[in-house]
Structures are given as C-alpha cells and as structure tokens.
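Undergrad: Below is one structure. I have some questions about it.
The values are calculated or read from the model by the stated rules, or taken from the named source; none is laboratory data. Small disclaimer: the values here were computed from a predicted structure and weren't measured. FYI the Cβ positions are ideal-geometry reconstructions off the backbone, even for glycines, and counts take in every protein chain you see. Surface accessibility is based on the protein's heavy atoms, side chains included, excluding ligands, DNA and RNA. Shrake-Rupley method; radii C 1.70, N 1.55, O 1.52, S 1.80 Å.
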Amino acid sequence: MTNKQLELSAEHYGSESTVIQADTVFYPTPVRLRRAAWVFFPLLLAAILVLPIPVLHLVAVPAFLVFAVVLGLRRLREEWAWIRVRGPCPACRQPQEFDTPSVPVMPITVACPGCGEFVKIQGRD
C-alpha cells in the first residue's frame, strides 16, 4: 500500500476557495485481491452453511451469493481510498477535518463540521 497526500480545492458559495489536504492510500493488485477475498469467502461460507436449512435456503443462499459477488467486485475495483481530508473551511476559515466517503466521485459536497455550511471538494486545476 502506498500513502500519498493530495491537494484539493474546497469551495463555498460566495467565499474564496481554500486548499485542503487529502491523505490517501493506493492499493496494489495483491492487496485488492486479499481485501476482496475477505469479503467474498465469508459470504460464500454463509451461503453453504444455510444450504441445509429448509425454507430459509430459498432466500438466504441466493442473497448471500449475490452479496458475495457484488461486495467482492466492489472491493476488487477499489484502487484507492481517502484516509483523512483536512484543511481550512472556505466558509468559516477554521481548520477542519471533513467527513468524506472512502472513495468519492469528484466533486463531492460535504458539510463543514464546524459551521455546518456545505463545501464542494474537487481536484485542483
């Protein structure tokens, strides 16, 4: 795994944009395979264990198999994730640590934990 720090732009309507830092982790292929296996195989095992239970197996086995494939593929495709996003809020100008999803689609809109205003985070030009 490789940790990198990215500079992003934070914007708020009517305020000057600020530069914030995002700590990210990039997953190489072997790590992505291991992370996908940690999701896939427990769900596959659950599907196998539920198989002999009458009536329940009609719903649970297909559900476990679908979740195993969907969540396993999601982890396999996850090439990077944000660890932490911090910097000055463009609305209140106070240093903040923003709550963001681990892998967002840019641009993303989040609420400032200090002032509650919405902030748009995107890559810098």
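Undergrad: VAL110 - would you say it is touching a residue at least 12 places away in the same chain (Cβ under 8 Å), touching an Asp or Glu at 6+ places or on another chain (Cβ under 8 Å), loosely packed, with under 14 Cβ neighbours inside 10 Å and not aromatic (Phe, Trp, Tyr)?
TA: Against the criterion (touching a residue at least 12 places away in the same chain (Cβ under 8 Å), touching an Asp or Glu at 6+ places or on another chain (Cβ under 8 Å), loosely packed, with under 14 Cβ neighbours inside 10 Å and not aromatic (Phe, Trp, Tyr)), VAL110 does not qualify.
Undergrad: Moving on. Of the conditions (1) open to solvent by 40 Å² or more (accessible area, probe 1.4 Å); (2) under 19 Å from GLU16 (Cα atoms), ILE121 clears all except one; give me its number.
TA: Evaluating ILE121 over (1) open to solvent by 40 Å² or more (accessible area, probe 1.4 Å); (2) under 19 Å from GLU16 (Cα atoms) leaves (1) as the failure.
Undergrad: Next question. Among the residues of the stretch 47-88 satisfying the criterion of being of a type in the set (Gly, Ala, Ser) and at pLDDT 95 or above, which is surrounded by the fewest Cβ atoms within 10 Å (Cβ to Cβ)?
TA: Residues of the stretch 47-88 of a type in the set (Gly, Ala, Ser): 47, 60, 63, 68, 72, 81, 87.
Next, only the ones that are at pLDDT 95 or above stay: 47, 60, 63, 68, 72.
On the way: ALA47: 19, ALA60: 16, ALA63: 14, ALA68: 20, GLY72: 20.
Per the criteria, the residue is ALA63.
To keep it simple, each residue is scored yes or no on (1) more than 21 Å from the chain's Cα centre (by Cα); (2) in a strand (DSSP E or B); (3) within 30 Å of SER9 (Cα to Cα).
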site: HIS57; (1), (2), (3): yes, no, no
site: ALA60; (1), (2), (3): yes, no, no
site: PHE67; (1), (2), (3): no, no, no
site: VAL70; (1), (2), (3): no, no, no
site: LEU73; (1), (2), (3): no, no, no
site: ARG93; (1), (2), (3): yes, no, yes
site: VAL105; (1), (2), (3): no, no, yes
site: VAL110; (1), (2), (3): no, yes, yes
site: VAL119; (1), (2), (3): no, yes, yes
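Undergrad: Please identify the pairs in which a residue from the stretch 26-46 that is open to solvent by 60 Å² or more (accessible area, probe 1.4 Å) has its Cβ atom under 7 Å from the Cβ atom of a residue that is outside any helix (DSSP H, G or I) and at pLDDT 95 or above, counting only partners at least 6 apart or on another chain.
TA: none
Undergrad: Say whether the condition of being surrounded by fewer than 17 Cβ atoms within 10 Å (Cβ to Cβ) and assigned to a helix (DSSP H, G or I) is met by at least one residue in the stretch 14-21.
TA: The answer is no; no qualifying residue exists.
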